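Inspection log for the structure reproduced underneath, given as structure tokens.
The values are calculated or read from the model by the stated rules, or taken from the named source; none is laboratory data. Computed from a prediction, not measured in an experiment: that's the story for all the values here. Here the Cβ positions follow ideal geometry from the backbone for every residue, glycine too, while neighbour counts run over all protein chains shown.
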Amino acid sequence: MTNGAAVYQRLFDVRDSRVVVTGAASGLGFAMAEVLAECGARVTLADVDRERLESSTAALADLGLEARSVVVDVADEASVRALVEDVVAAEGGLDVVFANAGIASRPGFAVEGGQRLDTVDRADWDSVLGVNLNGVLHTLKHASAVMRRQGSGRIVVTSSNAGLRPEPEVCYGYVASKAAVINVVRQAALELAPHGVLVNAICPGPFKGTRIGGGVTEDPTPELEQMWARTVPLRRMADPDELKGLVLLLASPASSFMTGAAYLVDGGTLVLAGGA
Ligand SMILES: NC(=O)c1ccc[n+]([C@@H]2O[C@H](COP(=O)([O-])OP(=O)(O)OC[C@H]3O[C@@H](n4cnc5c(N)ncnc54)[C@H](O)[C@@H]3O)[C@@H](O)[C@H]2O)c1
């Protein structure tokens, strides 16, 4: 007679895994940190927003969960190197990294009619690519150096379904960066496979409870929610908790043969768009 609980536990066991989540102070990154800490991982929350990072880490402590925090600016390679060195010094290694920090370019999500090319501002474009693309490169580079030496590790990059098809409601820098990281993930997965390091991307659809749209997605108005819901076959925006199953899967032994892929959590949006 199989003990089902023991099987689940073995498949999804992340206890004592040394995890870093960037962009963990808010939204999807906080949900990632929370579920992994709840499941017994040793989580370091990393974010550029010091104040929010402190309050989010304290919120986990209030739940009786242990978590560390490190301030990082992923756009700055030296800052990411220091983050990885900090975690390795404190934890003795690095098993799982979620390269999740991201920003949307002005004017943010839900641009009525979409952004026009003649409104693309180069400084804005550069700042979005600096976080969403260069930040992923820095995180992959420094995390993989440790994992390669260990002969094991997992890196999960947060892309978007806006990386798989045009999405006029967000801006050019955003769709460019989110598409680019998917191919960077594929190439890194090829390079790192012989070293036992798995690299994947996740592609969320519209989630509320997040601050990326300059606040509009944190607690969206009914009109905004309806606008997004129309693009989703499930007819609603998602809650950050709905990402937790995939996060646990990609951090745990259950995903041991999964690398180089981009996983959608989008309520069927890409099917509707003809792009899945
Ligand atoms: N919310 C959605 O619907 C949605 C959909 C698809 C993809 N995403 C992606 O999910 C990821 C998380 O975003 P979110 O929606 O939770 O937004 P969020 O704004 O709630 O969280 C993003 C976090 O990243 C941090 N951050 C920003 N720049 C940083 C930097 N330079 N260095 C370190 N941290 C930095 C922010 O301070 C914030 O805490 C992003 O990559 C985003 O593009 C979000």
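Below are the figures for this structure:
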read-out: Residue that is modelled with the lowest pLDDT, among those in the stretch 203-219 that are more than 6 Å from the ligand (Cβ to nearest atom) and hydrophobic (A, V, I, L, M, F, W, C); value: V216
read-out: Residue list for the stretch 150-171, filter: more than 24 Å from V232 (Cα to Cα) and in contact with an Asp or Glu (Cβ under 9 Å, 6 or more places away or on another chain); value: Q150, S152, G153, R154
read-out: Any hit, the stretch 239-256, residues being farther than 17 Å from G102 by Cβ, in contact with a Pro (Cβ under 7 Å, 6 or more places away or on another chain) and crowded, with 21+ Cβ neighbours inside 10 Å; value: no
read-out: Residues of the stretch 193-234 classified as in a helix (DSSP H, G or I) and surrounded by fewer than 21 Cβ atoms within 10 Å (Cβ to Cβ), total; value: 10
read-out: Pairs with Cβ under 6 Å, 6+ apart, first in the stretch 39-53 and within 13 Å of the ligand (Cβ to nearest atom), second in a strand (DSSP E or B) and among the basic types (K, R); value: T44/R68
read-out: From A59, A33, residue being in a helix (DSSP H, G or I), away from the ligand (no atom under 12 Å from the Cβ) and at pLDDT 95 or above; value: A59
read-out: Checklist (1) closer than 28 Å to S177 by Cα; (2) in a helix (DSSP H, G or I) applied to V97, failing item; value: (2)
read-out: Test: residue in the stretch 244-260 that is β-branched (V, I, T), out of contact with any strand residue (DSSP E or B) (no Cβ under 8 Å at 6 or more places or on another chain) and touching a residue at least 24 places away in the same chain (Cβ under 8 Å); value: no
read-out: Residues being of a type outside the set (D, E, K, R) and assigned to a loop (DSSP other than H, G, I, E, B) - total across the stretch 235-276; value: 14
read-out: Filter result (part of a loop (DSSP other than H, G, I, E, B) and either acidic (D, E) or surrounded by 20 or more Cβ atoms within 10 Å (Cβ to Cβ) (or both)) within the stretch 40-56; value: A41, V48, D49
read-out: Every residue from the stretch 137-161 that is buried (at least 24 other Cβ atoms within 10 Å of the Cβ) and assigned to a loop (DSSP other than H, G, I, E, B); value: S159, S160
read-out: Number of the exception - A123 against (1) under 29 Å from P206 (Cα atoms); (2) more than 14 Å from the ligand (Cβ to nearest atom); (3) touching a residue at least 12 places away in the same chain (Cβ under 8 Å); (4) assigned to a helix (DSSP H, G or I); value: (3)
read-out: Members of the stretch 213-228 that are farther than 20 Å from M32 by Cα and in contact (Cβ under 8 Å) with a residue 12 or more places away in the chain; value: G214, V216, P220, L224, E225, M227, W228
read-out: Inter-residue pairs, beta-carbon under 8 Å, first touching a residue at least 12 places away in the same chain (Cβ under 8 Å) and in the stretch 15-38, second assigned to a helix (DSSP H, G or I) and among the β-branched types (V, I, T), 6+ apart; value: R18/V87; V20/V84; V20/V87; T22/T139; A31/V247; M32/V247; V35/V247; L36/V247
read-out: Given (1) within 16 Å of G260 (Cβ to Cβ); (2) near the ligand (Cβ under 9 Å from one of its atoms), index of the condition I155 fails; value: (2)
read-out: Output for the stretch 12-27, where each listed residue is in contact with a strand residue (DSSP E or B) (Cβ under 6 Å, 6 or more places away or on another chain), within 13 Å of the ligand (Cβ to nearest atom) and not in a loop (DSSP other than H, G, I, E, B); value: V20, V21, T22
